[in-house]
């Protein structure tokens, strides 16, 4: 006679995602979204851990133990010093570069060591890769530009590919975020004071995406079979004036005080002004739409309204 084993069975571990840069605007919202759906998040931090979901690492100084990444659904690398900190001195340019390349290479190296068990790597990049390209429609197939940011993004993506051929690598070419902590942050004060208006004429196209759709797109790409570059940008092109007017209209403020290009270059430095405010690029999310993704905010006006509603 045999007796059945009635000992309790251990519950299966929940699916897990590893995030570096989880304290940033995108990372924090992404971690919150994943956690709300029961997906465990391991956060890579550059200090002593304060909770069981944190792992200390020293990118660029010491290797990352591949065991930290083993078994994860995906590893999402979002590190990078803010491009909005001005001016871009020679020293800060190096900070912009190393704050992106060192973490990406450290993670890619650990993933490569896992071989056939490598998790998917979703690595941050930016639509700044395309540079200033007026009158062009820019897709994931378009060549990089020649600006400092474009060259930085190329090196950033090359670092992600060091994860090796066994890993699925997705390059998140993110547009400026329409959010109170994103591209709207410097515009909000001017608009509330009633001194906003066209920047350098305002007819230049600004790629954009809402924070909600950025997070939804990353989660969509975790579960998809897409690899390579993906433009994370809203589906409807918008000019700088479209964004500024939407903000002014929602806040019920005027949009009449122009800032000429020469004044922006004088105040911010020519490279930063040209890259952040005066660059013209119509970037389309062809791969994302082709994979079945549907945007919550399809126009910059919808994204601005959602951001300010969230602000209130």
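The values are calculated or read from the model by the stated rules, or taken from the named source; none is laboratory data. As the structure is a prediction and not an experimental result, all values here were calculated from the model. Reconstructed Cβ throughout: ideal geometry from the backbone, glycine too, with neighbour counts over all protein chains shown.
Only a single criterion out of (1) farther than 25 Å from residue 131 by Cβ; (2) touching a residue at least 12 places away in the same chain (Cβ under 8 Å); (3) part of a loop (DSSP other than H, G, I, E, B) is not satisfied by residue 165, namely (2).
Against the definition (crowded, with 17+ Cβ neighbours inside 10 Å and assigned to a strand (DSSP E or B)), how does residue 142 come out, yes or no? Judged against the criteria, residue 142 is not a match. A single entry from 243, 296, 239 fulfils the requirement of being surrounded by fewer than 18 Cβ atoms within 10 Å (Cβ to Cβ) and within 30 Å of residue 226 (Cβ to Cβ): 296. When 283, 287 are checked against the criterion of being more than 30 Å from residue 35 (Cβ to Cβ), in contact with a strand residue (DSSP E or B) (Cβ under 6 Å, 6 or more places away or on another chain) and surrounded by 22 or more Cβ atoms within 10 Å (Cβ to Cβ), a single residue qualifies: 283.
Look at segment 95-112 and say how many of its residues are touching a helix residue (DSSP H, G or I) at 6+ places or on another chain (Cβ under 7 Å) and either surrounded by fewer than 18 Cβ atoms within 10 Å (Cβ to Cβ) or free of Cβ contacts under 8 Å to residues at least 40 places away in the same chain (or both).
So the answer is 3.
Inspection of segment 249-262 finds a residue satisfying the criterion of being modelled with pLDDT under 95, part of a helix (DSSP H, G or I) and over 18 Å from residue 308 (Cα atoms). Pairs are defined by a Cβ separation below 7 Å, a sequence spacing of at least 6 or placement on different chains, a first member in segment 206-218 that is free of Cβ contacts under 8 Å to residues at least 12 places away in the same chain, and a second member that is assigned to a strand (DSSP E or B) and surrounded by fewer than 24 Cβ atoms within 10 Å (Cβ to Cβ); no pair meets this definition. Of all the numbered requirements in (1) modelled with pLDDT of 95 or more; (2) surrounded by 16 or more Cβ atoms within 10 Å (Cβ to Cβ); (3) under 17 Å from the mean Cα position of the chain (by Cα), residue 184 misses one, and that requirement is (1). Does at least one position in segment 61-84 carry a residue that is in contact (Cβ under 8 Å) with a residue 60 or more places away in the chain, outside any loop (DSSP other than H, G, I, E, B) and within 15 Å of residue 229 (Cα to Cα)? Scanning segment 61-84 turns up at least one residue that is in contact (Cβ under 8 Å) with a residue 60 or more places away in the chain, outside any loop (DSSP other than H, G, I, E, B) and within 15 Å of residue 229 (Cα to Cα).
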